[in-house]
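The values are calculated or read from the model by the stated rules, or taken from the named source; none is laboratory data. Note that the structure is predicted; figures quoted are calculated from it, not measured. Every residue, glycine as well, gets a Cβ built from its backbone with ideal geometry; the counts of neighbours run over all protein chains shown.
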Amino acid sequence: MLWLNETQAREIVQHARRDAPREACGLIAGKANIAQRIIPLPNAASDPEKRYLIDPSAYIKTLTALEKEGLSLVGFYHSHPKGDPIPSPTDIREAAYPDAVYVIAGLRGEKPALSAWRIRYGQVESVEICTGIPTETDEDITLSRAQKFAIILSAVLALLFLLLLSLSLLPPAPVIPVR
Ligand SMILES: [Zn+2]
(Lines give C-alpha, C1' and ligand atoms only; values in the text may rest on other atoms or scores of the structure.)
Protein backbone atom coordinates (compact mmCIF):
# COMPACT_ATOMS: atom_id res chain seq x y z
CA MET A 1 0.00 0.00 0.00
CA LEU A 2 1.20 3.51 -0.79
CA TRP A 3 -0.06 6.59 1.04
CA LEU A 4 -0.29 9.40 -1.47
CA ASN A 5 -2.56 12.30 -0.69
CA GLU A 6 -4.56 14.20 -3.27
CA THR A 7 -2.19 17.17 -3.40
CA GLN A 8 0.72 14.85 -4.13
CA ALA A 9 -1.25 12.97 -6.77
CA ARG A 10 -2.12 16.31 -8.37
CA GLU A 11 1.54 17.37 -8.35
CA ILE A 12 2.49 14.23 -10.27
CA VAL A 13 -0.27 14.74 -12.84
CA GLN A 14 0.61 18.42 -13.24
CA HIS A 15 4.24 17.56 -13.85
CA ALA A 16 3.19 14.90 -16.36
CA ARG A 17 1.04 17.41 -18.25
CA ARG A 18 3.71 20.09 -18.16
CA ASP A 19 6.32 17.81 -19.74
CA ALA A 20 4.08 16.10 -22.31
CA PRO A 21 4.70 14.85 -24.96
CA ARG A 22 7.90 13.93 -23.11
CA GLU A 23 7.68 11.52 -20.18
CA ALA A 24 7.98 13.25 -16.83
CA CYS A 25 9.82 11.60 -13.96
CA GLY A 26 10.74 12.18 -10.37
CA LEU A 27 11.05 10.88 -6.85
CA ILE A 28 8.56 10.27 -4.10
CA ALA A 29 10.17 10.92 -0.73
CA GLY A 30 8.80 10.19 2.69
CA LYS A 31 8.89 7.54 5.35
CA ALA A 32 8.22 3.85 4.84
CA ASN A 33 5.17 3.75 2.54
CA ILE A 34 3.98 7.29 3.25
CA ALA A 35 4.69 9.91 0.62
CA GLN A 36 5.65 13.29 2.01
CA ARG A 37 7.16 15.03 -0.96
CA ILE A 38 7.02 14.86 -4.75
CA ILE A 39 10.28 15.85 -6.37
CA PRO A 40 10.27 16.42 -10.15
CA LEU A 41 13.61 15.54 -11.78
CA PRO A 42 14.86 15.94 -15.35
CA ASN A 43 14.29 13.13 -17.80
CA ALA A 44 17.74 12.49 -19.25
CA ALA A 45 16.71 9.80 -21.74
CA SER A 46 17.85 10.33 -25.33
CA ASP A 47 14.29 9.62 -26.50
CA PRO A 48 12.25 11.17 -23.67
CA GLU A 49 8.98 10.76 -25.55
CA LYS A 50 9.32 7.00 -25.33
CA ARG A 51 11.06 6.37 -22.04
CA TYR A 52 12.50 7.96 -18.95
CA LEU A 53 15.87 8.06 -17.27
CA ILE A 54 16.11 10.08 -14.09
CA ASP A 55 19.10 12.37 -14.47
CA PRO A 56 21.76 10.54 -12.42
CA SER A 57 23.50 13.57 -10.91
CA ALA A 58 20.21 15.25 -9.97
CA TYR A 59 19.14 11.93 -8.47
CA ILE A 60 22.22 11.61 -6.27
CA LYS A 61 22.05 15.25 -5.18
CA THR A 62 18.40 14.83 -4.21
CA LEU A 63 19.05 11.63 -2.28
CA THR A 64 21.82 13.30 -0.28
CA ALA A 65 19.57 16.25 0.53
CA LEU A 66 16.75 13.93 1.58
CA GLU A 67 18.99 11.97 3.87
CA LYS A 68 19.95 15.17 5.67
CA GLU A 69 16.27 15.85 6.24
CA GLY A 70 15.63 12.37 7.59
CA LEU A 71 13.46 11.41 4.61
CA SER A 72 13.93 8.33 2.54
CA LEU A 73 13.11 7.23 -0.95
CA VAL A 74 9.60 5.81 -1.12
CA GLY A 75 9.59 5.39 -4.86
CA PHE A 76 9.71 6.80 -8.35
CA TYR A 77 7.10 8.22 -10.65
CA HIS A 78 6.95 8.74 -14.37
CA SER A 79 4.32 9.42 -16.96
CA HIS A 80 2.93 7.80 -20.06
CA PRO A 81 1.83 10.91 -21.98
CA LYS A 82 -0.24 8.93 -24.48
CA GLY A 83 -0.65 5.68 -22.63
CA ASP A 84 -2.20 3.84 -19.76
CA PRO A 85 -0.64 3.73 -16.29
CA ILE A 86 0.72 0.23 -16.78
CA PRO A 87 4.43 -0.66 -16.65
CA SER A 88 5.89 -1.08 -20.12
CA PRO A 89 8.32 -3.92 -20.88
CA THR A 90 11.12 -1.30 -20.62
CA ASP A 91 9.82 -0.13 -17.23
CA ILE A 92 9.88 -3.70 -15.98
CA ARG A 93 13.29 -4.46 -17.42
CA GLU A 94 14.90 -1.30 -16.05
CA ALA A 95 13.34 -1.28 -12.58
CA ALA A 96 16.38 -1.58 -10.36
CA TYR A 97 14.90 -1.01 -6.92
CA PRO A 98 12.91 -3.99 -5.60
CA ASP A 99 11.83 -2.10 -2.47
CA ALA A 100 10.65 1.04 -4.23
CA VAL A 101 7.14 1.79 -5.40
CA TYR A 102 6.79 2.76 -9.05
CA VAL A 103 3.99 5.21 -9.71
CA ILE A 104 2.84 5.75 -13.27
CA ALA A 105 0.63 8.56 -14.50
CA GLY A 106 -1.31 7.68 -17.64
CA LEU A 107 -2.55 10.71 -19.56
CA ARG A 108 -4.52 8.84 -22.17
CA GLY A 109 -8.23 9.39 -21.93
CA GLU A 110 -10.17 12.26 -20.44
CA LYS A 111 -9.09 11.78 -16.88
CA PRO A 112 -5.47 11.13 -16.01
CA ALA A 113 -4.98 7.96 -14.01
CA LEU A 114 -2.35 7.02 -11.45
CA SER A 115 -1.28 3.53 -10.53
CA ALA A 116 1.42 2.10 -8.30
CA TRP A 117 3.52 -1.01 -8.73
CA ARG A 118 6.24 -3.01 -7.16
CA ILE A 119 8.63 -4.43 -9.71
CA ARG A 120 10.91 -7.15 -8.42
CA TYR A 121 13.24 -8.92 -10.80
CA GLY A 122 10.73 -8.89 -13.62
CA GLN A 123 7.73 -9.67 -11.40
CA VAL A 124 5.10 -6.95 -11.35
CA GLU A 125 2.68 -6.52 -8.50
CA SER A 126 0.01 -3.86 -8.18
CA VAL A 127 0.21 -1.60 -5.11
CA GLU A 128 -2.89 0.01 -3.67
CA ILE A 129 -2.81 3.81 -3.50
CA CYS A 130 -4.45 5.23 -0.38
CA THR A 131 -5.30 8.89 -0.36
CA GLY A 132 -6.01 10.65 2.88
CA ILE A 133 -4.24 10.60 6.20
CA PRO A 134 -2.38 7.53 7.41
CA THR A 135 -3.69 6.05 10.66
CA GLU A 136 -1.62 5.91 13.82
CA THR A 137 -0.66 2.30 13.28
CA ASP A 138 0.85 3.23 9.97
CA GLU A 139 2.80 6.02 11.65
CA ASP A 140 4.28 3.41 13.98
CA ILE A 141 5.48 1.36 11.06
CA THR A 142 7.32 4.40 9.77
CA LEU A 143 9.78 4.28 12.64
CA SER A 144 13.01 3.51 10.93
CA ARG A 145 15.56 1.12 12.32
CA ALA A 146 17.72 4.04 13.47
CA GLN A 147 14.78 5.59 15.30
CA LYS A 148 13.97 2.31 17.04
CA PHE A 149 17.60 1.92 18.02
CA ALA A 150 17.62 5.49 19.40
CA ILE A 151 14.52 4.79 21.49
CA ILE A 152 16.00 1.60 22.95
CA LEU A 153 19.32 3.32 23.56
CA SER A 154 17.68 6.20 25.43
CA ALA A 155 15.72 3.73 27.58
CA VAL A 156 18.92 1.85 28.43
CA LEU A 157 20.73 5.09 29.23
CA ALA A 158 17.87 6.23 31.48
CA LEU A 159 18.02 2.92 33.37
CA LEU A 160 21.77 3.18 33.72
CA PHE A 161 21.42 6.72 35.03
CA LEU A 162 18.85 5.62 37.62
CA LEU A 163 21.13 2.81 38.71
CA LEU A 164 24.09 5.15 39.13
CA LEU A 165 21.90 7.65 40.95
CA SER A 166 20.61 5.04 43.41
CA LEU A 167 24.16 3.81 44.01
CA SER A 168 25.38 7.31 44.73
CA LEU A 169 22.50 7.85 47.15
CA LEU A 170 23.27 4.74 49.17
CA PRO A 171 24.49 5.48 52.70
CA PRO A 172 28.23 4.97 53.12
CA ALA A 173 29.30 1.51 54.14
CA PRO A 174 29.29 1.12 57.88
CA VAL A 175 32.67 1.33 59.53
CA ILE A 176 33.39 -1.80 61.41
CA PRO A 177 35.32 -1.00 64.55
CA VAL A 178 38.50 -3.02 64.86
CA ARG A 179 39.58 -3.87 68.34
ZN1 LIG B 1 6.85 3.77 -18.49
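Descriptive notes on the structure:
- Residue within region 102-111 that is among the small types (Gly, Ala, Ser), closer than 15 Å to residue 25 by Cβ and away from the ligand (no atom under 16 Å from the Cβ) present: no
- Among residues of region 1-22 that are farther than 28 Å from residue 46 by Cα, those with a beta-carbon under 9 Å from a residue that is part of a helix (DSSP H, G or I) at least six positions away or on a different chain give the pairs 1/138; 3/138; 4/12.
- Taking the conditions (1) under 29 Å from residue 69 (Cβ atoms); (2) at pLDDT 90 or above in turn, residue 108 satisfies each one other than (1).
- Tally of residues being modelled with pLDDT of 80 or more and loosely packed, with under 11 Cβ neighbours inside 10 Å across region 127-151: 1
Residue-wise test of (1) crowded, with 19+ Cβ neighbours inside 10 Å; (2) over 22 Å from residue 130 (Cα atoms).
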position: 5; (1), (2): no, no
position: 27; (1), (2): yes, no
position: 31; (1), (2): yes, no
position: 35; (1), (2): yes, no
position: 43; (1), (2): yes, yes
position: 47; (1), (2): no, yes
position: 88; (1), (2): no, yes
position: 93; (1), (2): no, yes
